[in-house]
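Engineer: The structure that follows is given in the form of structure tokens.
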Amino acid sequence: MRNAALNFKTTSDRRNFIKTSSLGAFALSTGLSSFSPSADAAQPASADKVVANSPYGVCAHVGAGEEWEQAPKNLLLMKKAGIVWVRADFSWIGVERSQGNWTFGHLDKIVDETNKLGLQLLPILDYDVPWATPAYKHLDSWLEYVTRTVERYKDRIQYWEVWNEPNLQGFWRDTPDGANYAILLKETYKTIKAIDPNLIVVYGGLAGVPADFFAKSLDAGAGDSFDVVNIHPYRGGISTRQRLDQFADDIDAFRRELKKRNLPDRPIWITEMGWATPPIFGESNRRVVSAALQKLFPNEDPKVAFFYDLRYDPAQSRAQNDFLNYLPEKYASNANLTTFLDADQLSNLSLDVADVLVMPPSEGFPMEYFEPVAEFVKSGGALILLGGVPLYYETILDKKTKRFKQGEFNPKFAQCLDTLRISWFAWWTRENVPENVPTVVAPESAENMPGFYPVHQSNRFFDGAKLKEGDKFIPLFNGKNETFSAASACIYDFNSDYKGAVVINSIRDDDGNETNRSTVANQAVFLSQAYLLAFANGIERYFWYEFHAPERDQRDPEHHFGIVGQKLAPKPGYFAYKALTKARPACSEGADLTVVNDCCVVSWKRPDGQNGWALWSLGAECNVDVKIIGEVSQAFDYLGNDVEKPTKKGKLNLKSGVLYLIGPETVAIK
């Protein structure tokens with residue numbers, strides 16, 4: 001099945017495949033009749049038991065499309081990881097390939113296979129067909145599709161989701177509007193309940209946390225037409241206290257909308273949320289930092305400091321090892337070569353502290369600390385600025401919230417650039433500059449950047465117009481086409497009255513603070529944290545997006561959300577999911593969250609009567625005083641590896657990766 005026709009190049013290509021192709025005919029041509037349960041497959045579990053017992057789900061395109069060929073193996077891998085729920089499209093265009101021509105064979109096989117393995121499907125009733133678009137304006141046709149589909153599977157599938165991300169135009173096929181979605185939802189609800197009043201209707205998962213869209217649909221009468229609320233709260237990592245609070249606030253916004261209208265409490269599900277691991281994540285920044293170190297320090301290993309302040313947004317969603325990935329491999333084995341500085345420590349920045357300062361990707365800068373950083377450069381230090389035009393925005397410490405937040409345009413922007421001798425331009429500041437051009441390695445830097453994958457676009461550029469005699473301008477990346485070439489990443493190497501250097505990469509590298517991209521290692525960390533925090537905030541069921549990564553396109557994140565690879569090789573995220581379900585099995589009760597000194601502790605009661613505990617640090621690794629009452633029967637990390645059981649009283653080393661303890665009555669951090 002994996003052929004050129006299925007080599008989807010963009011997110012919309014892949015996710016919209018089911019909307020634009022004749023899936024019924026496609027499915028029947030793939031040999032799905034060869035599906036058979038594995039020899040060690042479990043006996044079918046009742047749908048009621050499955051629904052009651054497990055909060056663990058994944059999204060998987062097993063109904064057709066890319067995951068079709070390997071669906072039986074995928075489903076077995078899910079089961080082995082403790083995953084029970086599988087969310088999949090039961091799309092209209094797949095069952096009515098042409099008007100009046102209905103086929104369900106491809107879905108029959110998936111329903112049979114999941115039932116044999118004791119898994120539970122959450123089908124999505126979604127999208128339109130060419131002769132009835134948008135669907136909410138063709139309700140007779142839409143409801144015929146709903147009726148035929150639900151009638152066919154009502155005895156084996158209890159839950160039905162109505163549309164996917166109706167607040168996005170690409171899926172809704174019209175201007176998104178909560179009132180219009182309410183039209184479709186209300187009629188669909190009536191139709192499903194008429195078939196069987198015990199069937200459960202799930203509100204279509206909303207992209208992000210658009211409480212306003214949800215509220216508008218409620219005001220239009222949707223409140224009596226669903227049994228489960230449903231969101232897709234994609235975000236950067238939930239790795240600081242501020243991020244934890246924001247996650248909780250986003251979920252509570254939906255509860256507030258329900259409460260305002262005197263609607264009964266409804267369970268809230270997350271049916272999509274995950275982090276993609278595209279190979280190019282942070283690639284250009286890694287190349288720039290590594291090449292700059294080689295050029296500026298050819299015969300030594302400079303000490304590198306990273307600005308990492310948990311009050312500062314560009315650092316908040318990033319684990320420290322994300323930044324360490326910017327450095328050459330030799331730094332991984334020598335911890336003495338790296339350090340992390342908060343904002344207050346920038347005031348005392350000197351060559352005694354570090355040779356190089358790397359700022360997190362951002363066009364903002366904490367201006368209160370600009371002068372000591374500039375002095376650091378003048379005296380011989382190297383400053384590395386990533387992600388757009390540096391110093392463009394003013395970042396200010398809010399005295400009330402005690403957080404740095406990006407303000408407006410930096411009033412000292414021009415002055416700061418003059419101080420650091422940076423000269424920049426773009427299409428809106430200079431004539432005959434293109435808006436976007438492909439990125440290539442500059443010839444003079446090619447030896448330091450082997451194997452660069454040329455997928456980035458350049459749109460902000462630099463030159464050496466402000467340099468003094470003795471200073472050098474060294475391009476690293478060029479934006480280039482047939483008529484234009486200019487540096488989009490460069491080194492200002494000073495050798496005049498200034499003795500240091502400034503390194504700039506203007507390319508947005510998908511590794512800023514508001515991204516749902518991560519490294520492969522951090523995907524596993526984020527998965528563990530996100531599930532535990534979701535449960536702590538009352539989320540009843542969580543479907544990871546997604547299970548199987550096609551890995552066909554290095555640039556498109558959609559190809560890398562999965563926790564198993566294209567050939568079904570498990571990524572660390574798979575083992576993190578397996579460890580999570582081992583620590584907090586289905587039927588566990590509660591998920592109580594406590595945050596002490598930037599350390600998270602989540603506790604629950606397991607079905608075997610033991611207590612379960614999850615502990616991790618927010619941001620930096622830390623040693624904490626811990627007091628444990630009761631025996632620890634098991635201790636393992638977020639990947640499922642056994643670790644030494646902690647003593648009942650003493651120090652405990654916590655990292656961003658979750659530590660699981662099973663058994664104790666109490667775990668208290670001082």
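The values are calculated or read from the model by the stated rules, or taken from the named source; none is laboratory data. What you are looking at is a predicted structure, and each value in this text was computed from that prediction instead of being measured. Cβ placement follows ideal geometry from the backbone for every residue including glycine, while neighbour counts extend to all protein chains displayed. What goes into the accessible areas is simple: the full protein's heavy atoms, side chains included, and nothing from ligands, DNA or RNA. Shrake-Rupley method; radii C 1.70, N 1.55, O 1.52, S 1.80 Å.
Engineer: Amide H to amide H under 5 Å from ALA382: which residues, 5+ apart in sequence or cross-chain, H placed 1.01 Å off N in plane?
Structural biologist: Counting only residues 5 or more places away or on other chains, the set is VAL356, LEU357, ALA501.
Engineer: Then there is this: Determine, for each peptide in 54-62, 456-464, 132-140, the mean count of other beta carbons within 10 angstrom over its residues, then list the peptides with the highest first.
Structural biologist: Per-residue mean Cβ counts within 10 Å order the peptides as 54-62, 456-464, 132-140.
Engineer: Something else about it: Hey, can you find the accessible area per residue of the chain for me, probe 1.4 Å, expressed in square angstrom?
Structural biologist: About 39 Å² of surface per residue is accessible.
Engineer: From the backbone phi of segment 226-233, what are the Karplus-calculated ³J(HN,Hα) couplings (6.51 cos²θ - 1.76 cosθ + 1.60, θ = phi - 60°) in whole Hz, Gly and Pro given as x?
Structural biologist: Working through the residues one at a time gives 7, 10, 9, 7, 8, 9, 10, x Hz.
Engineer: Then there's this: Around THR338, what is the net charge, scoring Lys/Arg as +1 and Asp/Glu as -1 over all other residues with Cβ under 14 Å from its Cβ?
Structural biologist: -3
Engineer: Follow-up. Could you look at segment 324-424 and say what percent of its accessible area is carbon and sulfur, using a 1.4 Å probe and all protein chains?
Structural biologist: Using a 1.4 Å probe with all protein chains present, segment 324-424 comes out at 46 percent carbon and sulfur.
Engineer: While we're here: Given a 1.4 Å probe and every protein chain left where it sits, what share in percent of the accessible area of segment 510-650 is carbon and sulfur?
Structural biologist: Reported share for carbon and sulfur atoms: 46 percent.
Engineer: Mean residue ellipticity at 222 nm from the helices of the chain, using -39,500 (n - 2.57) per DSSP H segment of n ≥ 4 over the full residue count, to the nearest 500 deg cm²/dmol?
Structural biologist: Mean residue ellipticity at 222 nm (helix-derived): -8000 deg cm²/dmol.
Engineer: By how many degrees, 0 to 90 and rounded to 10, does the Cα axis of helix 283-296 deviate from the longest principal axis of the chain?
Structural biologist: With both axes taken from Cα atoms, the answer is about 20 degrees.
Engineer: Loop-only check: which GluC sites (Glu not before Pro) in segment 475-584 are DSSP coil with at most 12 other Cβ within 10 angstrom?
Structural biologist: GLU482, GLU514
Engineer: May I pose another question? Counting only other residues whose beta carbon sits under 9 Å from that of ARG606, what net charge do I get with K and R as +1, D and E as -1?
Structural biologist: Neighbour charge sum, excluding ARG606 itself: 0.
Engineer: Taking the highest mean first, how do the peptides 349-359, 433-443, 499-509 order by number of other beta carbon atoms within 10 angstrom per residue?
Structural biologist: Order by mean packing, descending: 499-509, 349-359, 433-443.
Engineer: Using the alpha-carbon atoms, what tilt in degrees (0 to 90, nearest 10) does helix 178-195 show relative to the longest principal axis of the chain?
Structural biologist: Approximately 30 degrees, to the nearest 10.
Engineer: Residue by residue through segment 113-122, what is 3J(HN,Hα) from phi via Karplus (6.51 cos²θ - 1.76 cosθ + 1.60, θ = phi - 60°)? Round to whole Hz and write x for glycine and proline.
Structural biologist: 5, 5, 4, 4, 8, x, 9, 10, 8, 10
Engineer: Could you check how much of the accessible area of segment 132-191 is carbon and sulfur, as a whole percent, using a 1.4 Å probe?
Structural biologist: The value for segment 132-191 is 41 percent carbon and sulfur by accessible area.
Engineer: While we're on this one: Let me have the relative contact order for segment 198-280, percent, based on Cα pairs under 8 Å that are six or more residues apart.
Structural biologist: RCO, segment 198-280: 38 percent.
Engineer: Now for a separate question. By the scheme Lys and Arg +1, Asp and Glu -1, what is the net charge of all other residues having a beta-carbon under 12 Å from that of PRO264?
Structural biologist: Spelling it out: positives minus negatives among the neighbours equals +1.
Engineer: Sticking with this structure for a sec: How far is helix 520-536 tilted off the main Cα axis of the chain, in degrees rounded to 10, range 0 to 90?
Structural biologist: 60
Engineer: Using a 1.4 angstrom probe with every protein chain in place, what is the largest-first accessible-area order of LEU533, LEU77?
Structural biologist: Final ranking, largest accessible area leading: LEU77, LEU533.
Engineer: A further question on this structure: Ranking request for peptides 246-254, 227-235: highest mean number of other beta-carbon atoms within 10 Å first, then the rest in descending order.
Structural biologist: So the peptides 246-254, 227-235, ranked by packing, come out 227-235, 246-254.
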